[in-house]
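Q: Below you'll find the structure I mean.
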Amino acid sequence: MWRLAFRRLGALLAGLVAATLVIELGFQLILATPLRWVLPVPQIALYGPDADTGYRHRANVSGLWLTEHRVFLRTSNLGLRDRDRDIVHGNAPRAIVIGDSFIEALQVDWPETAVAIAERILEHDIPGAEVVNLGLSGARPAVHVARLQSQGLALTPDVAVVVLTIDQLLSPLATDDSEFTGYRRAADGKFHLSYGFRSSPGYRFRTSLGGRIFYWLLDHSQVMRVINDRKNVGLLAEWSQPPTRQTFDTAWHCPADALDSEIALWVDGKPAVARALVDAFIRDLAVIGRSNRMPITIATRGIEARCPALAAKRAALIDAIRTRLETAGLRFIDLDARVLARVGRNGVAPLHGFGADLGLGHLNVEGNRVFGEILAEVIGAALPQRRAACQSLRSG
Amino acid sequence: MSYDSLYFAFFLAIVWLAFQLLPWRGWILLAASIVFYAAAGLRDSILAAVVILVNYGFQFAVVRDRRWLYPVLIIDFGFLAYFKYRVFLAGVAGSNLFTGEIVIPLGISFYIFQLSAFLIDITRGRAQPFVSLPRFAFFKLFFGQLIAGPIMRWRQFGPQVDRLFDGEPLPRGHRMAGLGLGLCLLGLTKKIVLADSIAPFVDTIFRDGPWNAAAAWLGAWLFAFQIYFDFSGYCDIAVGLGLIFGILLSRNFDTPFRAISIQELWQRWHMTLTRFLRDYVFLPLADMRLVGRRYRVAQHFGAMVLTMTLCGLWHGAGWNFIVWGTLQGLAMVFGLAWARYLPSPPTWVNWTATFGFFLVTLVFFRAANLGSAADYLSTTFGFGGTGSARVPEDGAGGLWIIAGCFALLALHWLEAQLFTRRTVRLLFRFDGLFLRVLFAGITIWLLLLPKAQNNPFIYFRF
């Protein structure tokens, strides 16, 4: 009887191992051939733990990104969504662009990202000029600041651009530090960067030997990536999947109460928590800019610019944001207005999404081109300011 | 519940365990089928329950007097007309009584056909009524074939239902489980690996319109394989699920793209629907004494075209489906007339003509409406391009894409080599715990891979 039980157990284990090997070999075969552009494969796992921001790209990781658009990705030697480069740069200027998934642009090939395009444009005028991509999916204001302080300053940039999605300052997640850096109120009553995630079990595991083995497996085993992908979406994710695809609405929406919460925050200073958060964000960026003599530009996005009915409200909001930032010594760029000026009202939506989802989601190739040109303008305008600051320092 | 989801795998595992451990096999599968269908929503479940009760009640009346068949068919097809065709029919009648998007109850086209065939078979003496309501309900509700067929006849399925509820042993013991799991794996591979991978290209070309003839041909070619892999994949899973529970369901596909005539193609494509249409639409129409002997051939041809037109209408409530079906019928008539009066061309010419015709006419099936189909076809034949979808860049001047298209055809040929008695014998020979765990394991790995895009089975919408 025991013999039969062992035989059955052996057959069961052998079957499981064989199935796993078949799948691993199948995915490896797909990835190694042009079939990878068509057939299903697990998605690349890009991120690892980071003591300053909670998470960041791991260096030299490669694989296919499948969300929105299929792209073969490789993270840089510095652990950025960027090309490989030395951490020390020469005499040519270096700019860094900090932002969320909008700047990270995993959905397009690296040369087609807005940051890479901006670099090519600037390099044409200033040989050797660099623009480094510090975009990170899901990054919120506190992560922007922490990333600028740690990974950004390590690159000794001449100019920094922080692309800020405006509603992030109102998000409750801005004060959540359980998974990545957040703003928390300290004893002085003000908000400061907080790193509660460092004591979380998940972070502790990811930074342990077990975590290192886990990431090694993720980088070398497709089956492991399948498990990781499934963990991320949830075991029963398909149960709640919408039965039909979202369709692209060619008309943008202009509800009468749009921008009200932003105006309440920037003009009236309400709610108080968000106001304090904005104060902390601006304060921290201004301190970094001053102490490093580095012009920092805040480029806002997500302030709907296509609605004539909202023009007056919008102008008041933009004016309030500009005043707040410039008072603190930061530069301000209204990205939405710049995009609108380039492509017109009907040209904004087609900058987003791919194929059947055109008009929805992140920037497509054309969208990145437009934003890249704008970024090049913004950085190009900030560079003389930096040179002036350096010259005044030398003459002083 | 969709067969290509992880939660269905969990559901199946629970049902299978209960099926293995408990003695009430028929009841377990009936309960599972009710749970499976209940997931479709309250409206669909109530409708299914009403249809079951009406048909169950009427079957006894039909046995006593065949004239009772007509009211029950009117009720059944009335449900179908209301839930699937009301907007189209009202539009044809020039009324806007029903407007807006209609959500077709899950599997209604299939179960209405199965129940109607059952009642007609009773009047023909080819089926016996179910005395037991649970058995009758299971005949209609079995989750392995409820949503999109295969459409089962009583003579194939009825005795198996009785065997399950009577607690008789499974045919070949549990040895069919390995074969069933193998079929489920094959079907899932067709769906997840092939059909879903082709879908984004097809969606883009048909949505944006082809930019030139090459893009148009590519779209049609890919759609032919998408729908084949999608539906035949579903059918493989359905047959596989049946085998896991000891139930033999009918095969629905027999590598149709190897056919060398349209008639043959339809004998290999959605075979249970073709047989239904032949037995319950074409033969009654063709055998009706409407005309004299010398015009009987014309009547047969007319019946053929009308049957295929109805086949088109069954697939969807739109003129494009009607045109698609009519063209299939006309092509059959053309093929038969050619065979009757003209010498047969070489096989490769027949194959090219058949496959080419099927590709071109599938545009009517896939396009949103007749106008879009006409635009698409004008591009297909080089009369300018109105769309913006180009042939994707492959970095090799299109060679990889051509190779990929022929690889799809090669896979079709490979499938024909796999579906043999020898393979079945081999599977029976090597059936055991190792093989079953191997098949189940690969299946689970495929299901674990999250989907980049939601692509429901195409035939679920019919």
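Q: Let me spell it out: the conditions are (1) at negative phi; (2) away from every other protein chain (no Cβ under 12 Å), and A:Gly79 meets all of them except one. Which number is the exception?
A: (1)
Q: Residue check: is B:Ala9 at pLDDT below 90 and within 14 Å of chain A (Cβ to nearest Cβ)?
A: Numbers: at pLDDT below 90: no; within 14 Å of chain A (Cβ to nearest Cβ): yes.
Spelling it out, it is not the case that B:Ala9 is at pLDDT below 90 and within 14 Å of chain A (Cβ to nearest Cβ).
Q: Against the condition in a strand (DSSP E or B) and not aliphatic (A, V, I, L, M), how does A:Phe102 come out, does it pass? Quick ask: steps written out before the conclusion?
A: Numbers: in a strand (DSSP E or B): no; not aliphatic (A, V, I, L, M): yes.
No, not satisfied.
Q: Additional query: With the requirement that a residue be more than 9 Å from chain B (Cβ to nearest Cβ) and modelled with pLDDT under 95, what does segment A:1-27 give you?
A: The answer is A:Met1, A:Trp2, A:Arg3, A:Leu4, A:Ala5, A:Phe6, A:Leu9.
Q: Could you list, ordered by first residue, the pairs with Cβ atoms under 6 Å in which the first is in segment A:247-269 and exposed (fewer than 11 other Cβ atoms within 10 Å of the Cβ) and the second is part of a loop (DSSP other than H, G, I, E, B) and at pLDDT 80 or above, at least 6 apart or interchain?
A: Partner pairs satisfying both residue conditions: none exist.
Q: Now for a different question. Is at least one residue of segment B:207-225 surrounded by fewer than 23 Cβ atoms within 10 Å (Cβ to Cβ), modelled with pLDDT under 90 and within 12 Å of chain A (Cβ to nearest Cβ)?
A: Yes, that holds for at least one residue.
Q: Among the residues of segment B:23-45, is there at least one that is basic (Lys, Arg), surrounded by 15 or more Cβ atoms within 10 Å (Cβ to Cβ) and either at pLDDT below 90 or under 17 Å from B:Gly158 (Cβ atoms) (or both)?
A: Just the residues of segment B:23-45 that are basic (Lys, Arg), to begin with: B:25, B:43.
Filter once more, so that each one left must be surrounded by 15 or more Cβ atoms within 10 Å (Cβ to Cβ): B:25.
Imposing the further condition that a residue be either at pLDDT below 90 or under 17 Å from B:Gly158 (Cβ atoms) (or both) reduces the set to B:25.
Yes, the conditions are met somewhere in segment B:23-45.
Q: Looking at segment A:288-315, which of the residues that are touching a strand residue (DSSP E or B) at 6+ places or on another chain (Cβ under 6 Å) and among the polar types (S, T, N, Q) is farthest from A:Asp257 (Cα to Cα)?
A: Restricting to residues being touching a strand residue (DSSP E or B) at 6+ places or on another chain (Cβ under 6 Å) and among the polar types (S, T, N, Q), the top hit is A:Thr297.
Q: List pairs: first residue in segment A:296-314 and on the phi > 0 side of the Ramachandran plot and surrounded by fewer than 18 Cβ atoms within 10 Å (Cβ to Cβ), second residue among the hydrophobic types (A, V, I, L, M, F, W, C) and not in a helix (DSSP H, G or I) anywhere in the structure, Cβ distance under 8 angstrom, at least six positions apart or on different chains.
A: Sorted first by the residue in segment A:296-314, then by its partner, the list stays empty.
Q: If I ask for residues that are exposed (fewer than 14 other Cβ atoms within 10 Å of the Cβ) and within 25 Å of the chain's Cα centre (by Cα), which ones from segment A:315-333 would you list?
A: Hit for segment A:315-333 is A:Glu326, nothing else.
Q: Among the candidates B:Gln114, B:Gln59, B:Gln128, single out the residue that is more than 24 Å from the chain's Cα centre (by Cα), free of Cβ contacts under 8 Å to residues at least 60 places away in the same chain, surrounded by 14 or more Cβ atoms within 10 Å (Cβ to Cβ) and closer than 30 Å to B:Pro169 by Cβ. Spell out how you get there, then give the answer.
A: Numbers: B:Gln114 fails: more than 24 Å from the chain's Cα centre (by Cα); B:Gln59 fails: free of Cβ contacts under 8 Å to residues at least 60 places away in the same chain.
B:Gln128 is the lone residue from the list that is more than 24 Å from the chain's Cα centre (by Cα), free of Cβ contacts under 8 Å to residues at least 60 places away in the same chain, surrounded by 14 or more Cβ atoms within 10 Å (Cβ to Cβ) and closer than 30 Å to B:Pro169 by Cβ.
Q: I would also like to ask the following. Quick one: is A:Arg85 closer than 19 Å to A:Met294 by Cβ and part of a loop (DSSP other than H, G, I, E, B)? I'd like the intermediate steps shown before the answer.
A: Details: closer than 19 Å to A:Met294 by Cβ: yes; part of a loop (DSSP other than H, G, I, E, B): yes.
The answer is yes for A:Arg85.
Q: To continue, here is another question. Of the conditions (1) touching a strand residue (DSSP E or B) at 6+ places or on another chain (Cβ under 6 Å); (2) in contact (Cβ under 8 Å) with a residue 60 or more places away in the chain; (3) within 14 Å of chain B (Cβ to nearest Cβ), A:Trp65 satisfies every one except a single condition; which number is it?
A: That leaves (2) as the condition not met.
Q: Right, another one. Picking from B:Ile458, B:Ile442, which residue would you name as being of a type outside the set (Asp, Glu) and closer than 27 Å to A:Gly355 by Cα? Walk me through it before giving the result.
A: Numbers: B:Ile442 fails: closer than 27 Å to A:Gly355 by Cα.
Criteria check complete, one pass: B:Ile458.
Q: Okay, next question. Looking for whichever is buried (at least 22 other Cβ atoms within 10 Å of the Cβ) and either out of contact with any strand residue (DSSP E or B) (no Cβ under 9 Å at 6 or more places or on another chain) or within 11 Å of chain B (Cβ to nearest Cβ) (or both) here; the options are A:Thr53, A:Thr33. Which one fits? It would help to see each step written out before you state the result.
A: Values: A:Thr33 fails: buried (at least 22 other Cβ atoms within 10 Å of the Cβ).
Within the list A:Thr53, A:Thr33, the selection yields A:Thr53.
Q: For B:Tyr7, state whether it is over 24 Å from B:Met176 (Cβ atoms) and among the hydroxyl-bearing types (Ser, Thr, Tyr).
A: Numbers: over 24 Å from B:Met176 (Cβ atoms): yes; among the hydroxyl-bearing types (Ser, Thr, Tyr): yes.
In short, yes.
Q: How many residues, within segment A:92-104, are over 19 Å from A:Leu148 (Cβ atoms) and surrounded by 24 or more Cβ atoms within 10 Å (Cβ to Cβ)? Please lay out each step first, then the result.
A: Taking segment A:92-104 as the starting set, the residues that turn out to be over 19 Å from A:Leu148 (Cβ atoms) are A:92.
Among the residues that remain, those that are also surrounded by 24 or more Cβ atoms within 10 Å (Cβ to Cβ) are: none.
The number of residues fulfilling the criteria is 0.
Q: Just need a number here: residues in segment B:364-405 that are free of Cβ contacts under 8 Å to residues at least 12 places away in the same chain, of a type outside the set (Gly, Ala, Ser) and either surrounded by 11 or more Cβ atoms within 10 Å (Cβ to Cβ) or closer than 17 Å to B:Trp211 by Cα (or both).
A: Adding up the residues that qualify gives 5.
Q: With the requirement that a residue be of a type in the set (Val, Ile, Thr) and in contact with a helix residue (DSSP H, G or I) (Cβ under 7 Å, 6 or more places away or on another chain), what does segment B:100-144 give you?
A: Initial filter on segment B:100-144 (of a type in the set (Val, Ile, Thr)): B:102-104, B:108, B:112, B:120, B:122-123, B:131.
Within segment B:100-144, B:Ile102, B:Ile104, B:Ile108, B:Ile112, B:Ile120, B:Ile122, B:Thr123 meet the criteria.
Q: Just one of the numbered conditions (1) within 16 Å of the chain's Cα centre (by Cα); (2) crowded, with 17+ Cβ neighbours inside 10 Å is not true of A:Thr67; which one?
A: (2)
Q: Continuing with this model, one more query. Mind listing just one residue for me: the one in segment B:439-454 that is within 24 Å of the chain's Cα centre (by Cα) and either facing chain A (nearest Cβ under 7 Å) or surrounded by fewer than 20 Cβ atoms within 10 Å (Cβ to Cβ) (or both) and, of those, modelled with the highest pLDDT?
A: B:Lys451
Q: Among all residue pairs at least 6 apart or on different chains, which show Cβ distances below 9 Å where the first residue, located in segment A:218-238, is within 10 Å of another protein chain (Cβ to nearest Cβ) and more than 19 Å from B:Gly441 (Cα to Cα) and the second is outside any helix (DSSP H, G or I) and hydrophobic (A, V, I, L, M, F, W, C)?
A: These pairs meet every condition: A:Asn232/A:Ala45.
Q: For segment A:111-132, does any single residue satisfy the condition of being surrounded by fewer than 22 Cβ atoms within 10 Å (Cβ to Cβ) and within 14 Å of another protein chain (Cβ to nearest Cβ)?
A: Within segment A:111-132, one or more residues are surrounded by fewer than 22 Cβ atoms within 10 Å (Cβ to Cβ) and within 14 Å of another protein chain (Cβ to nearest Cβ).
Conditions tested, residue by residue: (1) more than 11 Å from A:Gly54 (Cβ to Cβ); (2) aliphatic (A, V, I, L, M); (3) in contact with a Gly (Cβ under 8 Å, 6 or more places away or on another chain); (4) touching a residue at least 24 places away in the same chain (Cβ under 8 Å).
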| residue | (1), (2), (3), (4) |
| --- | --- |
| A:Gln149 | yes, no, no, yes |
| A:Pro157 | yes, no, no, yes |
| A:Ala160 | yes, yes, yes, yes |
| A:Ile166 | yes, yes, yes, yes |
| A:Ser178 | no, no, yes, no |
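Q: While we're looking at this one, here's another question. Check A:Asp336 against each of (1) surrounded by fewer than 21 Cβ atoms within 10 Å (Cβ to Cβ); (2) outside any helix (DSSP H, G or I) and name the one condition it does not meet.
A: (2)
Q: Moving on. Anything in segment B:115-159 that is of a type in the set (Gly, Ala, Ser) and outside any loop (DSSP other than H, G, I, E, B)? List them, or say none. Steps first, please.
A: Taking segment B:115-159 as the starting set, the residues that turn out to be of a type in the set (Gly, Ala, Ser) are B:116-117, B:125, B:127, B:132, B:137, B:144, B:148-149, B:158.
The answer is B:Ser116, B:Ala117, B:Ala137, B:Gly158.
Q: Considering every residue within segment A:361-381, establish whether at least one is over 19 Å from A:Ile298 (Cα atoms), at pLDDT 90 or above, assigned to a loop (DSSP other than H, G, I, E, B) and more than 14 Å from chain B (Cβ to nearest Cβ).
A: yes
Q: Continuing with the same structure: Look at segment B:375-396 and say how many of its residues are under 26 Å from the mean Cα position of the chain (by Cα) and of a type in the set (A, V, I, L, M).
A: Residues meeting the conditions: 1.
Q: Sticking with this structure for a sec: Within 15 Å of the chain's Cα centre (by Cα) and buried (at least 19 other Cβ atoms within 10 Å of the Cβ) - does that describe any residue in segment A:81-91? Working first, answer last.
A: Step one: of segment A:81-91, the residues within 15 Å of the chain's Cα centre (by Cα) are A:81-82.
With buried (at least 19 other Cβ atoms within 10 Å of the Cβ) added as a condition, the list becomes A:81-82.
Yes, that holds for at least one residue.
The values are calculated or read from the model by the stated rules, or taken from the named source; none is laboratory data. Only a predicted model underlies this, so the values are computations on that prediction, with no experimental measurement involved. Reconstructed Cβ throughout: ideal geometry from the backbone, glycine too, with neighbour counts over all protein chains shown.
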